[in-house]
1. Collect the residues in the range 130-147 that are in a loop (DSSP other than H, G, I, E, B) and surrounded by 14 or more Cβ atoms within 10 Å (Cβ to Cβ), keeping them in residue-number order.
2. Return the only residue of Leu63, Leu158 being modelled with pLDDT under 90 and in the same structural domain as Ala188 (by TED's automatic domain parsing).
3. Of all residues in the range 114-129, which are in contact with a helix residue (DSSP H, G or I) (Cβ under 9 Å, 6 or more places away or on another chain) and either assigned to a loop (DSSP other than H, G, I, E, B) or farther than 14 Å from Phe150 by Cβ (or both)?
4. Within the range 103-119, does at least one residue satisfy the condition of being in contact with a strand residue (DSSP E or B) (Cβ under 9 Å, 6 or more places away or on another chain), of a type in the set (Val, Ile, Thr) and at pLDDT 90 or above?
5. Does Leu178 meet the test of being part of a strand (DSSP E or B) and either at pLDDT 90 or above or in the same structural domain as Pro210 (by TED's automatic domain parsing) (or both)?
6. Would you kindly identify the helices (runs of 4 or more DSSP H) lying entirely within the range 1-110 that contain at least 3 residues that are surrounded by 12 or more Cβ atoms within 10 Å (Cβ to Cβ)?
Amino acid sequence: MTDTLRRTQLSLPGPRSKALFDAEAMYLAPGTQSVALFSQLSIDRGEGALLYDVDGNRYVDLLAGVGVASIGYAHPKYVAAMQRQIARVHVGSFTTEHRAALVKLIAELTPGDLNRSQFYSSGAEAIEAALRLAKSRTGHTEVIGFWGGFHGKTGGVLPLLGSSFKHALGPLMPGAYLSPYASCARCAFGKTFPSCEWHCVDFLRHKISPDSGAPERCSRSSMRACSPTCSRSGRGSAAASP
C-alpha cells in the first residue's frame, strides 16, 4: 500500500453480471426496482455491509437491501438462527415459540400503549393494513399523500403514489389527495414563511374542498424541480384532481 490514492475505472456491469442479467430478463416480468435495472449487477454474495457481484467486484450496500438488511449480510448469528428455524418450520400462520417471544419483546420496547403487532410480507401490504386500521378507528375515509411519495403498487395504495404511471390504470380508489411537502427550504409555490401564511395548507384545503377558494398554482421552476411529471399529470394545478 502507498499513500497515493489509486483510482480504478471499472466498466460496470462486468461481463458475467451482464450475461446473467440478460438471461434473467428474458423470463422476468417488468417491475424490478430501478437500482437493479440501471446497474444490471448480478450479485453473488454479501458479507456485512458489502456485496460481491459474479465478476468479483465489491460494493458497499448503502441501501441496506432496500432497508431490510440493517444487520448486514451473512452475520454468523443470523445465519445460525435462520438455519435452526428452517430445519423446524419455515412458513405458516400458526403460533410458534419464537413468534410469541418476538411480539412480547416488541411490546416491551415500543412506547406508550403500543402493545400489539401484526406481520406482513411487503411494505404495500403493511400500508394497506394501516389505512384500514386508521379508517376503521377514526371513521374517516380520506387520506393525504405527498408528491414523490412511494408506498407500493397495490390497488389500495396506488392513489397515494406520487408517480404519473398510475393514471393509465383506470379509476383509482377515491378519497386520496396529493400535495407538495411543506418544505420551506424548497417551497413548491416559491413563497417564504411566514409571509406565505401557510399557503401549502390552503392548497391542500382547496384540494379537499374546492369551494374553499383556489390558491395560485405552483411556480414553473418548482414544478420542474418537484418532478418532471408534475405538469403532465396535472398535479401542479390547484384545481386538478389527485
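The values are calculated or read from the model by the stated rules, or taken from the named source; none is laboratory data. None of the values given here were measured: they were computed from a predicted structure. Methodologically, a virtual Cβ is constructed for each residue, glycine included, from the backbone with ideal geometry; neighbour enumeration extends over all protein chains shown.
1. The one that is in a loop (DSSP other than H, G, I, E, B) and surrounded by 14 or more Cβ atoms within 10 Å (Cβ to Cβ): Trp147.
2. The conditions single out Leu158.
3. Leu114, Asn115, Arg116, Ser117, Gln118, Phe119, Tyr120
4. No, there is no match, as no residue in the range 103-119 is in contact with a strand residue (DSSP E or B) (Cβ under 9 Å, 6 or more places away or on another chain), of a type in the set (Val, Ile, Thr) and at pLDDT 90 or above.
5. Criteria met by Leu178.
6. Ranges flagged: 15-25, 34-39, 76-86, 97-109.
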